[in-house]
Amino acid sequence: MTLGLSQARAVASATLDPFRLFPTERRSRDLAAALYDGVKELPIISPHGHTDPRWFAENEPFADPAQLFIVPDHYVFRMLFSQGIDLAELGVPRADGNLTETDSRKIWRVFAENYHLFRATPSRTWLDHSFHDLFGWTERLSGDNADQAYDHIADCLARPEFRPRALFERFNIEVISTTESPLDDLKWHAMIRDSDWNGRVITAYRPDAVVDPDVDGFAANIEAFGALAAEDATTWHGYLNAHRNRRAYFKSFGATSSDHGHPNARTENLSATTASELFQKALKGTCTAEEADVFRGHMLTEMARMSLEDGLVLQIHPGSFRNHSGPILQAFGRDKGFDIPTRTDYVRALRPLLEAVGLEKDLSVILFTLDETAYARELAPLAGVYPVLKLGPPWWFYDSPEGMRRFREMTTETAGFYNTVGFNDDTRAFCSIPARHDVARRVDCAYLASLVTSGRLDEDEAHEVAYDLTYRLAKQAYRL
Amino acid sequence: MTLGLSQARAVASATLDPFRLFPTERRSRDLAAALYDGVKELPIISPHGHTDPRWFAENEPFADPAQLFIVPDHYVFRMLFSQGIDLAELGVPRADGNLTETDSRKIWRVFAENYHLFRATPSRTWLDHSFHDLFGWTERLSGDNADQAYDHIADCLARPEFRPRALFERFNIEVISTTESPLDDLKWHAMIRDSDWNGRVITAYRPDAVVDPDVDGFAANIEAFGALAAEDATTWHGYLNAHRNRRAYFKSFGATSSDHGHPNARTENLSATTASELFQKALKGTCTAEEADVFRGHMLTEMARMSLEDGLVLQIHPGSFRNHSGPILQAFGRDKGFDIPTRTDYVRALRPLLEAVGLEKDLSVILFTLDETAYARELAPLAGVYPVLKLGPPWWFYDSPEGMRRFREMTTETAGFYNTVGFNDDTRAFCSIPARHDVARRVDCAYLASLVTSGRLDEDEAHEVAYDLTYRLAKQAYRL
Amino acid sequence: MTLGLSQARAVASATLDPFRLFPTERRSRDLAAALYDGVKELPIISPHGHTDPRWFAENEPFADPAQLFIVPDHYVFRMLFSQGIDLAELGVPRADGNLTETDSRKIWRVFAENYHLFRATPSRTWLDHSFHDLFGWTERLSGDNADQAYDHIADCLARPEFRPRALFERFNIEVISTTESPLDDLKWHAMIRDSDWNGRVITAYRPDAVVDPDVDGFAANIEAFGALAAEDATTWHGYLNAHRNRRAYFKSFGATSSDHGHPNARTENLSATTASELFQKALKGTCTAEEADVFRGHMLTEMARMSLEDGLVLQIHPGSFRNHSGPILQAFGRDKGFDIPTRTDYVRALRPLLEAVGLEKDLSVILFTLDETAYARELAPLAGVYPVLKLGPPWWFYDSPEGMRRFREMTTETAGFYNTVGFNDDTRAFCSIPARHDVARRVDCAYLASLVTSGRLDEDEAHEVAYDLTYRLAKQAYRL
């Protein structure tokens, strides 16, 4: 038997380039490799993400390759959808009750046959990394080897060393944060806490469902919120106390941060009377779009004030136009790859919050952006002067080699390294976590090497900064 | 006789660097060269441009070097004008009846004496390429050799092998699209069709003159439009039918696309009643600026619906502030280098069209931009999920090495390669076409080489992608 | 005695890399070095900056290292402040009468202990350059050597060769411009003129205090303005004449330019009647925010018209949100690092001025930006066609290696080199001037080298352009 073309290719791809993502010029490459050598084995700090605490609580095996890699990952299925493949063919669950594919092997085949669509994307990078390093599958995926790859990975998943807790340990995760709504009872976190397993899985307080008047069922959410907090959350005073109560509850499960996903970066600082009136309108569902925006903006300032009381780090993730396609929202629901970044302004938007609490030394506000044009123009200058502000790592479409490189090039000269907070993987895709951190470490080391070889940083400093960016700053910024 | 400085310089410039636009690091350079070797001889697919079909119909010689390279090229004369040289001195035709230079040799001398102004611009790149490869003029142009260069090129132009059809064949053009208004009778295209020449010159449907209420003479245009289409185009129903009719007529001359040059990317999806009322206002010239904008936006959705019927690919070229200088518009008319890009938003602007037809598999909408900030933030995320959307290549000021590089760096990670459509030269400058495609091939190969040497793509894949970007995707996306 | 870690590091940092900021690939690096060799000794042309003319008038020694490097430099103290160090601890003078640190050695120690915060920032680059080349201090600054470094630099400052005029000569400054308000009597400039010293220190006309209705004390400023100009500046006619008069006075002290620091790039071209009415409102303090903006915008057009009369070059520095923090403004006053760039539009904003005077050959308007997204999209296309427009060098947070590189990459292809104006240091930090010009020369040479090695520019041309960017264009553009 002779090797076919796709097999020849697969052989060419059998190893991950040990120098990948480093500069190609020899001196810079070698220095990047040396810097990377010093950080590649450091534990993973994952202070912001979307893994499911149930995995660690129950420690059941992951179902199969398609359910692990394709069905839940909007990075993956959006690319396939953009090239004319139906979401239902990819097994994406439907909101409208119609049928979706349930044969995971068929789903996997469609994915494998279209693997070329991911060329030069971060998804490809981490998928290859995961197949290779985690599962020991070293051929390049294609339609030809789809079934073999499926079987290989499925076999692995059935083994105890591929259960969530074992992977957690294999990934060398020191701490990971999930994200929960205040309406969540944190039962999985309780189950983890009460287990004999010592993995550090913490939660983060994400109150959008009880802060955003535009959320479906806002009033009902507030009712439930009050019930959980044992407060009358339908009064402004009780509502704020309910937040305090739930934040404390989240802290008891390790939370060190809150997180806020708003359509823009607007903040407001209203009088209690005005805020209270708006809140009542929100409960009645009579807020205009502008009033809902004002209310969300004001709540960021309220959250910042509570952070001053309880020490939670405040994260702002603004600027996504959610669920851009109405038909897809109706048929498949939220989070289906149709969240599109929009232009986001920070300078005027953040000012009310900054006027209220911007100079406080005990408050930490971490800013994210989906609008890279704000990095050099607005975010680095703001973080380079306001004590409360730090810059989060590249987010979403930008947690990629080019995105990470541009982030450093656009922020470092004005904000330095020490107004940044290390890396977040921000992912639902558990197997991607080591690959994502590896990419971040490589890109940072490449950047540091280029600073050294162009005479902008001393080599010993580069080693120290590599350590800081990989490990120390994330722990410090998130108070871990 | 000793060599003067300018002659010594000219010798230094006598050859084009065979490795130009490749990375300088050896391994990446050699790989880029190998990738380029595989695509450099591929035929040119030119699915969008502004060459004059009359050239190919009549096949007359081009007049002289100045009329070929300077007088019709706003990239060239705008740069000279910016440094204080009058447009009239450059022979640019006037709209106000005043005199303009008609001595082509004098025009050429002014250009040659100021050739240093074009250093490191794309104009310089393609001019040098064209002088060297097409005309065999291998000295760097300057005031000193202006007359010699003029004579040399003028001699060439008089020869049969420099006539339009001969050049078309020499350039290895498989297909080229011109752009015409629905008001055009396509007589030159008919003459080409009826000739014994087999060059594939097709048209594209550019209906701005009958879609934009702000165009001078809109109502008269609609009259003429109806006459050509044998429809009463002054009714909404008849107007739409006239579009259908003229699109079919354009298709009979090979058209596979329509093209729309709007001031922004706004789309609307009005009821027939509202659209019809706006159309009547437009005919009466009573639209407000906002209403005209709404009408243009709605017509994009109408055109998309017709594309679903007839298969034409829809191209959107938004965001140019046309004829920025009133005095120049008055003295010299349109297209005199005063079209300036403006900030352009896509996420909200395109939504009405996308809600109407964004998930259709039989529709293809190609987006262009003059606002690069939208590439990573808006356009790649949109094209990376909506089946109808594809990203056009860098346009206008960005069809340049840096512009092309940034395009790939900002779009590939989110949209991949397969939501892009290969290269367009988009030019009126016939002699620049081989050079422009050569630059695009080189820059894409350089980018692909850097992906391989940084471990982000396998070498065999890079060869395949190079072929796709050069040839296959343009044919596929434009249905050629 | 054995070397401690910090001493070992200091040794590692004992020399400045002679190839710093050049490409790392050998051929490009060597070419960059050759280009740099040709320009590194050229005199400094500093046509825009904020040094204090009193230094050169009195020629007194600089006080001490902290007063020289830290206290007056908002780049330096803003970074320390962002990491929780009080401005008062850094000796920043207060506006509210409270205490600030006056012990310069203590201030210096805080700075030295936190020197790592400046890693990879332009401040670090020029501080290292200055310590090393100017003061002969070759260890890397740290808490450990803070006192030694302080003493070393303080000793230097006491010597005659470190007095302002001696440094001016040592820096090889051919001409430097300061910036003064029309309300300034230019007494220090008079003292310089009347001295026996021949250093060329000129002024620039910066009329914000009498042009911006939002300035505190606007009406009082106009009174003082009229008094200095011997005009009744409270009438529109007299006000314009007062400008003419003061511009002439500034010209008698060498001024060749005016400078305008507006919140945006808006221009207007009002009728005299409307302008006069707005001016009367401004005097009464009854302008709305919009009216104040219109007035500022109109004054740019008036200044442009006066430039046509008197030949001053018009500089526009738009887009900074000044004094973003109210509490800091109250406690410490203006210019405390809280000026934040904002998104800035040019295409529509500049049009009224350009319609009025944009095609004049005897007018020169130099545009600066804090919004890099405008470079390729708006500024290069505008400067690449309007004869009056030139692009100023990267400003403020962008006078950095990455900022300078992006500037060239984003403007050259459309505007060429000859619509740019060389380098401005734009600094208050006298000792940073040689370092800043050195960085600009290095980055430009690196860029030119990369153009040559990628086949986009001939080597002899690169040498010529290096000279132009370093020396000739600044003199030409500023009419020096």
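The values are calculated or read from the model by the stated rules, or taken from the named source; none is laboratory data. From a predicted model like this one, the values you see are computed outputs, not experimental measurements. Reconstructed Cβ throughout: ideal geometry from the backbone, glycine too, with neighbour counts over all protein chains shown.
Determine whether segment B:276-289 contains at least one residue that is assigned to a strand (DSSP E or B) and touching a Leu at 6+ places or on another chain (Cβ under 9 Å).
Of segment B:276-289, the ones assigned to a strand (DSSP E or B) are none.
No - not one qualifying residue is present in segment B:276-289.
Applying the criterion of at least 2 residues that are of a type in the set (Phe, Trp, Tyr) and more than 23 Å from the chain's Cα centre (by Cα) to the helices (runs of 4 or more DSSP H) found wholly in segment A:181-258 leaves A:218-229, A:236-252. Only one entry of A:198, A:221 meets the criterion of being farther than 22 Å from residue A:261 by Cα and in the same structural domain as residue A:334 (by TED's automatic domain parsing), and that entry is A:198. Selection of segment C:61-105 for residues being among the charged types (D, E, K, R), assigned to a loop (DSSP other than H, G, I, E, B) and either without any contact (Cβ under 8 Å) to a residue 24 or more places away in the chain or in contact with a Phe, Trp or Tyr (Cβ under 9 Å, 6 or more places away or on another chain) (or both) yields C:64, C:86, C:94, C:96, C:101, C:103. For segment C:391-401, the count of residues that are in contact (Cβ under 8 Å) with a residue 60 or more places away in the chain and among the acidic types (Asp, Glu) is at least one. Among the residues examined, residue A:332 qualifies as aromatic (Phe, Trp, Tyr), out of contact with any strand residue (DSSP E or B) (no Cβ under 7 Å at 6 or more places or on another chain) and at pLDDT 95 or above.
Looking at segment A:321-419, the helices (runs of 4 or more DSSP H) lying wholly inside it that each contain 1 or more residues that are among the β-branched types (Val, Ile, Thr), within 14 Å of chain B (Cβ to nearest Cβ) and buried (at least 21 other Cβ atoms within 10 Å of the Cβ) sit at A:326-332. Could we say that residue C:257 is in contact (Cβ under 8 Å) with a residue 60 or more places away in the chain and out of contact with any helix residue (DSSP H, G or I) (no Cβ under 7 Å at 6 or more places or on another chain) here? Yes; evaluated as a whole, the condition is true for this residue. So, of the residues in segment C:112-158 that are within 14 Å of chain A (Cβ to nearest Cβ), more than 17 Å from residue C:16 (Cβ to Cβ) and in a helix (DSSP H, G or I), which turns out to be farthest from the chain's Cα centre (by Cα)? The qualifying residue farthest from the chain's Cα centre (by Cα) is C:113. When segment A:219-230 is filtered for residues that are over 16 Å from residue A:309 (Cβ atoms) and either charged (D, E, K, R) or without any contact (Cβ under 8 Å) to a residue 60 or more places away in the chain (or both), the ones remaining, listed by number, are A:220, A:221, A:223, A:224, A:225, A:226, A:227, A:228, A:230.
Yes or no: residue C:419 touching a residue at least 40 places away in the same chain (Cβ under 8 Å), of a type outside the set (Asp, Glu) and within 27 Å of residue B:406 (Cβ to Cβ)? So residue C:419 does not fit the description; no.
Based on this model, can you work out whether residue B:263 counts as surrounded by fewer than 23 Cβ atoms within 10 Å (Cβ to Cβ), within 14 Å of chain C (Cβ to nearest Cβ) and without any contact (Cβ under 8 Å) to a residue 12 or more places away in the chain? Before the answer, list the steps.
Working: surrounded by fewer than 23 Cβ atoms within 10 Å (Cβ to Cβ): yes; within 14 Å of chain C (Cβ to nearest Cβ): yes; without any contact (Cβ under 8 Å) to a residue 12 or more places away in the chain: no.
Taking the combined requirement at face value, the residue does not satisfy it.
Please go through segment C:15-38 and pick out each residue that is in a helix (DSSP H, G or I), facing chain A (nearest Cβ under 10 Å) and either in contact with a Lys or Arg (Cβ under 7 Å, 6 or more places away or on another chain) or surrounded by fewer than 17 Cβ atoms within 10 Å (Cβ to Cβ) (or both). Of everything in segment C:15-38, just one residue is in a helix (DSSP H, G or I), facing chain A (nearest Cβ under 10 Å) and either in contact with a Lys or Arg (Cβ under 7 Å, 6 or more places away or on another chain) or surrounded by fewer than 17 Cβ atoms within 10 Å (Cβ to Cβ) (or both), namely C:26. Somewhere in segment B:420-435, is a residue closer than 18 Å to residue B:389 by Cα, away from every other protein chain (no Cβ under 12 Å) and in contact with a His (Cβ under 7 Å, 6 or more places away or on another chain)? Yes, because at least one residue in segment B:420-435 is closer than 18 Å to residue B:389 by Cα, away from every other protein chain (no Cβ under 12 Å) and in contact with a His (Cβ under 7 Å, 6 or more places away or on another chain). Checked against (1) surrounded by fewer than 24 Cβ atoms within 10 Å (Cβ to Cβ); (2) within 14 Å of chain B (Cβ to nearest Cβ); (3) farther than 20 Å from residue A:320 by Cβ, residue A:442 passes all but a single condition, namely (1). Residues in segment B:96-105 that are within 20 Å of residue B:336 (Cα to Cα) and surrounded by 14 or more Cβ atoms within 10 Å (Cβ to Cβ): 3 in all. For segment A:73-95, a tally of residues being away from chain B (no Cβ under 14 Å) and surrounded by fewer than 18 Cβ atoms within 10 Å (Cβ to Cβ) returns 3. Pairs meeting the criteria (first residue in segment B:435-457 and at positive phi, second residue in a helix (DSSP H, G or I) and not aliphatic (A, V, I, L, M), beta carbons under 9 Å, at least 6 apart or on different chains) are B:455/A:125.
On inspection, residue B:463 fails the criterion of being touching a residue at least 40 places away in the same chain (Cβ under 8 Å), within 21 Å of the chain's Cα centre (by Cα), not assigned by TED's automatic domain parsing to the domain that holds residue B:74 and not in a loop (DSSP other than H, G, I, E, B).
Only a single item in (1) under 17 Å from the mean Cα position of the chain (by Cα); (2) facing another protein chain (nearest Cβ under 10 Å); (3) part of a helix (DSSP H, G or I) is not met by residue C:449, and it is number (1).
Evaluate the following for residue B:120: is it among the aliphatic types (A, V, I, L, M) and touching a helix residue (DSSP H, G or I) at 6+ places or on another chain (Cβ under 6 Å)? Answer is yes for this residue.
Tell me yes or no: at least one residue of segment B:420-442 is assigned to a loop (DSSP other than H, G, I, E, B), more than 26 Å from residue B:75 (Cα to Cα) and assigned by TED's automatic domain parsing to the domain that holds residue B:373. No, because not a single residue in segment B:420-442 is assigned to a loop (DSSP other than H, G, I, E, B), more than 26 Å from residue B:75 (Cα to Cα) and assigned by TED's automatic domain parsing to the domain that holds residue B:373.
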